[in-house]
Structures are given as structure tokens and as C-alpha cells.
Ligand SMILES: NC(=O)c1ccc[n+]([C@@H]2O[C@H](COP(=O)([O-])OP(=O)(O)OC[C@H]3O[C@@H](n4cnc5c(N)ncnc54)[C@H](O)[C@@H]3O)[C@@H](O)[C@H]2O)c1
């Protein structure tokens, strides 16, 4: 053990370390909460000055985290929000939680990781730990972040694993989930060297209940991708089965319920209107891109992507078929979409399949309205510009709609109104099964 690592281990143990969190979004903020609750002084850095102002005023900008967190952080003398990179200079550890989106050709866009690593490089000093949490392909930490940090470390003749420490520790946040918080989600840590891993484990163990050291940064990077690819592939499997079983008159939801009685060897996944969010629709393509570089094709990833990307148009075809039964065309029909967030009980619309469903319905000439208790106005999106605001869900609206399409089953939506008053319900989430008697016609899609 070097003097620097000994010093850091002690500082983490005594909670005297100062920790910088870079990128204060869906991943960074819950991490700030966990580190702050553990007793650390936390510097929260983001390039978005509006977020920093809100944090200083104690105003929330991520609803699912609740107002108390923002109030408590603003009142704390152990939390310093900032948009000045120089404020990271006094930190013993810096954790990067910046976006890793896809470019126009589904290639990894690592510009945020590169930029934020450069900021850390500017303040790198002996005895510092740098942890990358952003999801990316195996090799990102070593091939992209490390060279930037190595160049900076040459200022003080620093060597990784001896004078400063670099790890990858994938975030497994599931925004909106109420039963577990960040500190209860088991955490993987893989370092550039074994010493780096040890230092990283020591920091995370101070704030997170269960920390698992893995062999290398690459194992940690690949494990995160395996988790998300596993979900993408299994969701695609049940989505495909849905399109096969439905015309046979078999309810996929009942099939999954039946198969789930097996106590081993089966984990239930559920069909839906298509993938959304920052992880499942994006992360698998990071590995696909890296594999292509090595001359390999990732057939499972491509096939799952193809099936899942086809779901919005499948849903719209089911709406058209349902209206057709009533001798109505999509053109001119009033269609009410329930829920536009990509999953229940959050306000996140990133990559939401609702956008494509609404676009397709509008292209076909339907008059579309939506209700989402968490999203008042349809926000501008990269590929969609939908000018709509959430309508109150009333008996009149349900009755006046030719079809109601359930895209997201938020707990705050009164599905009873839909059960009693809607004529045709196209249900992508099996939400009506929990509603008791339904007056109208339900089509599962
Ligand atoms: N959202 C999730 O559920 C989730 C779960 C697990 C992992 N991840 C991964 O975590 C990473 C972050 O995702 P997120 O959902 O928190 O993104 P986000 O968009 O909610 O937050 C990222 C934040 O980083 C800031 N930022 C961008 N560039 C910066 C820079 N150079 N310096 C400082 N701040 C910068 C942005 O302003 C933003 O506030 C991604 O790699 C994502 O794939 C996300």
C-alpha cells in the first residue's frame, strides 16, 4: 500500500474525505444523497447553471426524488453545488455521472465523458480517486479516461495505482423505484490496477451497503452492459411472443403469470409499447459498436433492437384494427393517449415510445390528446416536436374519445374513469386487468 492509498482509505473510513460528483442528473443526484447521508462533504458540479441555481435555492428539478432532498441539501454546510470546475480542486475523489448518448448513426457519443475527464485532469493531484459511473463499452476507462489523466499526472510524476487511482463503478439506478435507494443497490467496482480497486471499494463501502470488487474496470463496464442487454433481449422476446400469441387468442400476460409459477430457471419480463429511458434503448449499441470495431456482429442486440423498435407501430396497428371493428378510420378519430413518460410514476420522457406512437397516430390523421399526471407539456425531443399539453382525465374526455391507448400505467392515473366510460381501450400494460369490470372493449397490444 502506498502513502497516498493509506491516506485515502483513512479519509473514507473517517468520512473526512471531500467528494466531487460531476453531472447532477438521474444518477449523480441520488449518489450525492448517498454520499452526503454517509457523512461526506460533497461538491456537486454541473455545467448546467440552472440546475446549480435550483440546488442553491433548494428547488427540486427531479420530481421522483421528492422535495425534502433538495431542501436538506440546500440547508447543509456539507453540500456545495457549483458550475465552476476549479471548485473540484480540493476533492479527494471525483465521480463522473455524465450522459453517454448515441450519435446520429447509433455510435457512442463519449464527448461528455471526455470533457468531464479533462476537467478532472485540470485539478488532478497526488492522492486523488477518479471514478467513472457513466455506462459505456468495455475499455472506456482505460482507453479514453486514463490517457487524459496520465498526461495530467505527468505534471507531478504520478503513476496510476500508486499516486492516483482510477476505477469504473457502474450505476444501477432505477429512477422512481421506491423499494430500494442508491445505498441499498449492490455496487461493482473495478479498477485500472488492484490498488485502484481497493481504494474505490473503500470509498463506496462508506456510503453503500454492499460493494463487490471485480477484476478490472473492463469487467465492471461489461457487467453493466450485460445487465442491460439481458433486459433488452428478454423484453424483445416477450414482445415478439405477444405479437404471435395475440392472433391465436392467447393472452401473453396470463402466459407469463403461468410460467412465473416455476420456482427456478424463469424470470418474468413484460411486453410493452417499446423501450424508453436512457439505458435499455441505448446501452446495448455501445457494445455493438465496440464489437464491430473488432469485426464481430452482435446478433442478439440487433434482433432485440429490431423487435423492440417495432413496438410503437405495432401498437398503432392495433389501434387502427380496433377502430376498424367499429367502422372508423384512424383519420379523424379522437385518440387519447394515457401516460407519456417512458415508465410508471416518473416524469422522464427520454426516448419514450409515446412520442413515436403519437407521431404515427397524427401522421395517420387521428386527433390525438394525452393525459399524464407527471408531464404537463410534451417537451421538445431530438426526433419529435409534438405540441400538446396534458388534458385532465374526465368522464367527458374518456367518453368523447374513439379510442384510449394506455402507454404508461402511472399509479396516479384514475383507470376507473377509463373502465367505466371509454368505448375502446388499447392496453399495452395490462392496466385494465387490475380495474374490475370494464364497460368498453379492451384490446391488449
Ligand atoms: N437514468 C438512469 O436511470 C441511469 C441508470 C444507470 C446508469 N445511467 C447512466 O448514467 C449516466 C448519466 O445518466 P443520467 O440519467 O444521470 O443523465 P442526466 O442527463 O440525467 O444527467 C447528466 C448530467 O450531466 C451534466 N453534464 C454533462 N456534461 C457535463 C460536464 N462536462 N461536466 C459536468 N456535468 C455535465 C448534465 O448537465 C446533466 O445534468 C449515463 O451514462 C447513463 O447511461 C443512467
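The numbers here are math on the coordinates, done by the rules we state, and not lab data. These numbers were taken from a predicted model, which means no experiment stands behind them. When we count neighbours, we look across all protein chains shown, and the Cβ atoms used for this are built from the backbone with ideal geometry, even at glycine.
Once the Cα gyration tensor of the range 3-215 is diagonalised, what are the square roots of 5 times its eigenvalues, in whole Å and ordered largest first, as equivalent ellipsoid semi-axes? Intermediate values should be presented prior to the final figure.
Working: eigenvalues 119, 77, 62 Å².
Listed largest to smallest, the semi-axes of the range 3-215 are 24, 20, 18 Å.
Enter the angle in degrees (range 0 to 90, nearest 10) between the Cα long axis of helix 283-293 and the first principal axis of the Cα atoms of the chain, meaning the one along which they spread out most.
So the helix axis and the longest Cα principal axis differ by about 70 degrees.
Percent relative contact order of the chain, based on C-alpha pairs within less than 8 angstrom and at least six residues apart?
Values: 891 pairs, mean separation 48.4, N = 445.
Reported as a whole number, the value is 11 percent.
Based on alpha-carbon positions alone, could you give the equivalent ellipsoid semi-axes of the range 289-445 from the gyration tensor, as √(5λ), descending, whole Å? Show your work: numbers first, answer last.
Values: eigenvalues 167, 59, 50 Å².
In descending order the semi-axes read 29, 17, 16 Å.
Among 404, 167, which comes first, then next, by fewest other beta-carbon atoms within 10 Å? Each step should come with its number before you reach the end.
Values: 404 28, 167 31.
Least crowded to most crowded, the residues run 404, 167.
In percent, what relative contact order does the range 218-364 have, based on Cα pairs under 8 Å that are 6 or more apart in sequence? Don't skip to the answer; put the middle values down first.
Working: 146 pairs, mean separation 39.7, N = 147.
Contact order relative to length: 27 percent.
At 7 Å along Cα-to-Cβ for each site, give me the label-to-label distance between residue 377 and residue 156 in nm.
That separation, rounded to one decimal, is 4.7 nm.
Using only the alpha-carbon atoms of the range 223-267, report the extent along each of the three principal axes, biggest first, to the nearest angstrom.
38, 24, 11
Can you sort 221, 107 from fewest to most other Cβ atoms within 10 Å of each residue's own Cβ? Don't skip to the end; give the middle numbers.
Working: 221 28, 107 13.
By the 10 Å Cβ count, ascending, the order reads 107, 221.
Which of the peptides 312-320, 276-284, 96-104 is most tightly packed, and how do the rest follow, going by the mean number of other Cβ atoms within 10 Å of each residue? Display every interim value, and only then the final one.
Values: 312-320: 20.9, 276-284: 22.7, 96-104: 18.1.
Those peptides, ordered most packed to least, come out 276-284, 312-320, 96-104.
Report, in deg cm²/dmol and to the nearest 500, the calculated mean residue ellipticity at 222 nm for the chain, where each DSSP H run with n ≥ 4 adds -39500 (n - 2.57) and the sum is divided by the residue count. Working shown, then result.
On the way: 15 runs with 170 residues, N = 445.
After summing the helix terms and dividing by residue count, I get -11500 deg cm²/dmol.
Taking the 0 to 90 degree range and rounding to the nearest ten, how far is the long axis of helix 311-325 tilted relative to the main principal axis of the chain, both from C-alpha atoms?
Helix 311-325 and the main axis of the chain meet at about 10 degrees.
Sorting 303, 146, 29 on the 10 Å Cβ count, fewest up front, what's the list?
Values: 303 15, 146 19, 29 27.
With the sparsest Cβ surroundings first, the list reads 303, 146, 29.
Roughly how many whole Å is it from the C-alpha centroid of the range 253-311 to that of the range 45-87?
35
Highest first, please rank the peptides 36-46, 347-357 by the mean number of other Cβ atoms sitting within 10 Å of their residues. Don't skip to the answer; put the middle values down first.
Numbers: 36-46: 21.2, 347-357: 23.3.
Final packing ranking: 347-357, 36-46.
Sort the following peptides by mean Cβ neighbour count (other Cβ atoms within 10 Å, averaged over residues), highest first: 249-259, 178-188. Mind showing how you got there, number by number?
Details: 249-259: 13.4, 178-188: 14.9.
Put in order of decreasing packing, that is 178-188, 249-259.
If I take every Cα pair under 8 Å that is 6 or more residues apart in the range 3-215, average their sequence separation and divide by the length, what percent do I get for the relative contact order? Intermediate values should be presented prior to the final figure.
Working: 415 pairs, mean separation 44.6, N = 213.
Relative contact order here is 21 percent.
Based on the Cα coordinates of the chain, what is the per residue volume of their convex hull in Å³? Before the final figure, lay out each step's value.
On the way: hull volume 67.1 nm³, N = 445.
Here the figure is 151 Å³ per residue.
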